[in-house]
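Everything below concerns the one structure shown next.
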Amino acid sequence: MPLHSVEGVLDADTDTQVRREWTALADAGLPSQARHQGTTNAPHLTLSAAGSVPEAVEARIVHALAGMRPVPVRLGPLLVMGSRRFVLARLVVPTAQLLALHRAVAGAMEAAPDIPERVRVDCWTPHVTIARGLAVEQVGAALAVLGTVPPLDGTIESVRRWDPDAGRTWVVGGIPTMGP
């Protein structure tokens with residue numbers, strides 16, 4: 001069963017660049033996030049996940065994100081995760097600001113059920129998924145298609161919730177843009 005998640009949404013330019021990587025893999029006939037045509041599919045960083053997010057927990061998330069500013073992020077090299085089927089992602093370089101955002105969300109999510117260890121503080125690997133479900137023989141081909149990717153600097157501009165049961169997302173932390 002898919003988990004409910006809290007996700008950092010990337011700025012428009014970074015989103016576009018990640019989607020280009022998705023498209024390059026799809027054009028090569030490889031698994032890619034581009035193949036997921038749902039309206040909720042967007043490049044993002046999963047900040048936390050759980051079996052469900054009760055209303056009281058969501059209220060804590062909204063409160064934890066109140067007043068937060070855009071969070072700069074750097075998408076670094078490609079990262080392969082998994083054991084039988086693989087995920088190809090861009091590693092997101094951990095910074096003090098990104099880790100503070102993660103800690104705030106993880107703290108707000110503490111009362112949610114079935115939180116996977118991989119999203120807990122000190123266990124989380126920040127990344128943006130490029131492809132899921134790669135077979136072992138497809139990993140090399142995917143890496144060859146994308147080549148050496150240059151670092152990509154952007155921002156997390158908002159935080160959203162994804163509800164897999166309802167098939168929808170909504171903003172829970174509208175991080176305002178930097179003003180004068």
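Heavy-atom accessible area per residue, the stretch 28-180, 1.4 Å probe: how many Å²?
Working: 7780 Å² over 153 residues.
Accessible area per residue: 51 Å².
Could you calculate the contour length gain from Asn41 to Thr23, that is, 0.36 nm times the residue separation minus the distance between their Cα atoms, to one decimal place in nm?
Values: separation 18, 0.36 × 18 = 6.48 nm, distance 1.36 nm.
The span from Asn41 to Thr23 would gain 5.1 nm if fully extended.
In order along the stretch 72-85, the phi-based Karplus estimate (6.51 cos²θ - 1.76 cosθ + 1.60, θ = phi - 60°) of 3J(HN,Hα) comes to x, 9, 10, 7, x, x, 6, 9, 10, 10, x, 9, 9, 10 Hz; Gly and Pro are listed as x. Between Leu91 and Cys123, full extension at 0.36 nm per residue minus the direct alpha carbon distance yields a gain of 10.1 nm. Each helix, a run of at least 4 DSSP H residues, gives -39500 (n - 2.57); summed and divided by the residues of the chain, these come to -9000 deg cm²/dmol at 222 nm.
Sorted from greatest to least, the principal axis extents spanned by the alpha carbons of the chain come out as 44, 43, 31 Å.
Express the carbon and sulfur contribution to the solvent-accessible surface of the chain as a percent, rounded to the nearest whole number, probe 1.4 angstrom. Walk me through the numbers before you get to the answer.
On the way: 4950 of 9040 Å².
Roughly 55 percent of what the probe reaches on the chain is carbon or sulfur.
Compared with the direct C-alpha span, the chain from Arg103 to Val136 gains 8.5 nm at full extension, assuming 0.36 nm per residue.
The values are calculated or read from the model by the stated rules, or taken from the named source; none is laboratory data. Source: prediction; values computed, not measured. For the accessible areas, the whole protein counts, side chains as well, though only heavy atoms, and no ligand, DNA or RNA atoms are used. Shrake-Rupley method; radii C 1.70, N 1.55, O 1.52, S 1.80 Å.
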